[in-house]
1. Would you kindly state how much longer the chain becomes between L418 and K514 on full extension, computed as 0.36 nm times their sequence separation minus their alpha carbon distance, in nm to one decimal?
2. What length, rounded to one decimal in nm, is gained on full extension from L83 through to F117, with 0.36 nm per residue of separation minus their alpha-carbon distance?
3. Report, to the nearest 10°, how far helix 440-453 tilts away from the longest principal axis of the Cα atoms in the chain, using its own Cα long axis and a range of 0 to 90°.
4. When 1/r is averaged over all different Cα pairs and the result inverted, which Kirkwood radius in Å belongs to the chain?
5. Is the shape of region 227-275 best called rounded, prolate or oblate, per the rule: a/c under 1.5 gives rounded, else a/b larger than b/c gives prolate, else oblate, with a ≥ b ≥ c the square roots of the Cα gyration tensor eigenvalues?
6. How much of the accessible area of the chain, probe 1.4 Å, is carbon plus sulfur, in whole percent?
7. Report, in degrees rounded to the nearest 10, the 0 to 90 angle that the Cα long axis of helix 83-109 makes with the longest principal axis of the chain.
8. Quick one: if you take sqrt(5λ) for each eigenvalue of the C-alpha gyration tensor of region 331-433, what semi-axes come out, biggest first, whole angstrom?
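The values are calculated or read from the model by the stated rules, or taken from the named source; none is laboratory data. The structure presented is a predicted model; accordingly, all values stated were derived computationally and were not measured. Because the Cβ atoms are built from the backbone with ideal geometry, glycine has one as well, and the counts that use them run over all protein chains shown. Keep in mind that these areas ignore ligands, DNA and RNA; they rest on the heavy atoms of the full protein, side chains included. Shrake-Rupley method; radii C 1.70, N 1.55, O 1.52, S 1.80 Å.
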Amino acid sequence: MLLKEFFKFIGKYLLGLLGILFISCTPIFFSSKEKVFVKFFNSIISIFQKLFHPDTWVILYHPPRTLQILEKSIQEFFWNNYLYSFKILVGSFIFALIIGLILAIITLLLPGKWSKFLFFLSEFTIAIPDLLYLFLFQMFIVWFYQHTDVLLMNIVYINGEKIYLAPIISLGLLPAILFYRMIVLLLKEELNKDYSQFAKSKGLTHTIVLLKHCMRNIVHSLFYQSKSVLWITLSSLVVIETVFMIPGVIQHFTANLDPFNNFLMLAMLFTPFYFLYYIMELLLFRNDTNSDTVREGNYVNLYFVDVKSDLNIKKIWHHIPHKFRSTLNFFKIHMQEKQFAIGFLFIFLILITSIVYPQLVDDPVKQIRYIHAADGSIKSTPPHPPSQELILGSDAYGYSILEKLIVGAKFTIVFSILIGFLRVFSGYFFGAIYTFFLPKMIRNVIKSIADGMQFLPLSLVAYLLLLPILMVDRASASEGMWMRITLEVIILTLLVLPMMVNIIGNDMLNLTRKEYIQSAKVLGASNYRILTKYITPNIFSRLIEQWGQHTIQTLYIFIHLGLFSLFLGGTIPQLGALGGPSISTTYEWSGLVASSRNSLMTGNYWQVLPSLFLFMLFILSIQGIVNSIIKRERY
């Protein structure tokens, strides 16, 4: 039995490495125009050959702000750079778990009103982008130093002096809130179970029941749910290393996109967490003989209200907008909900303004190189601070930030919503195939791929695949813009397809085991009827929740890619002597994120904060829409 489990583990691990291998070589399809398949397979063969000669393993790396390519031995990279990133990552994950656990226990021990208030507050804070958390944290450190002359901690890597405290706290803030919500929801579910009520009836206090009984019963679910938090933390590491200028894995990964480099560093990120979770699973479940469904624990929804599976089928299905008349009725019903109305109107008004405004003016995004005072002298040069002429100031080239946000809003809003929808639709479509047509062996392969992807930073993989597509020169910036957008939409959709198929397919598979569906099969119901009349109504709220979650995740990816100057529709790099921020061809909101590092160093916060606040308001609007739909369908 142990030998079988070992070979199964090795097989899954090798399958994960094979996926990383293909991902590492895929950019060849976009960067080359001739013999792409030959170059692709030659790269795969080259990586295989190098793997059997460890003495040839080197990291190709060029230092920031230089064009010189250096070689660094794998040993030097491991001890000086990889372990630095790994310590920050693990430290922040542990920090987040401890803070989330403490806050969750405090919340559940407080009186009802305070407990509800704290949990409601977490719904707001979870909408704040990780980059905005980092900005506010660093601004507080600077403000505190200016007023007390006390530097709480170093906030930038300088002259080889490694920093740990600031990046660990910054990276752990958002995961801490996720852990907090996760633990609160799991503990609430346990407190409502019969054994908790029985224990209280026997005279045990609420505190004893919570800490002694409920806490140990959420370990399994918390273990599996923590994978999603780790996935988010890995992606946020991109932000931390970039803004703090830490010479870790991310900086070396983005410095030179050699296929072998790509494979080696992604494999080094994937391997320790894959082994760690496997060993912990063996320790936690060594005496368990129950099914995988039980092992995976209870699913909790971190971004929206809790979704129950025992929903009123007729009520939900009646409101699904599958026809035009039903769509109008759907909006009519949900516009009565305050959260839905506010969120929808905010998105709708910004979208309409973004579409109409460029049609009404000749120069939608004006450029002001100099602002003159009344006496004719030069008052300011780019980047201009907020003033009467420029309400939100300007970027480094004198372009109005307010007008860039207005013009670019339609691209950010439409395509983030579209990517979220395509992810859910493709997961639903292939999830049906997964449920009704695929054998158990193929389903296990898909599950293994989906599990392995949770140990890879999605933003880093997206950067690897999109870099050869989105970088353009000024002369060809307007050509092929829609093709670049289409490719980005497809790539960001396909990146999570195995995970979506696994999530939605397993939901469908579990429903097919219900007695009423088994009875329908006995009576001769077809797979199509079972899918449309029984399964879809039951998972409708889950699909809505997944759409909202993946729309928000797409916005996070846009922000992270913006740090690397990869913008939706294309990026015009600035390669001159001054090396200014790159320019977005569509003015989408993450285009302003590229100047975030310079904004921190110079104090020109107006260059990046408006776009981050708009991201936050958009996320809050999505949360409001999804929450109102789920609540109404639930009750």
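1. So the chain would gain 31.3 nm between L418 and K514.
2. Values: separation 34, 0.36 × 34 = 12.24 nm, distance 3.98 nm.
Here the segment from L83 to F117 would lengthen by 8.3 nm.
3. The angle comes out near 40 degrees.
4. Its Kirkwood hydrodynamic radius stands at 26.6 Å.
5. Oblate, because a/c is 1.5 or more while a/b does not exceed b/c.
6. 66 percent
7. 50 degrees
8. 40, 17, 11
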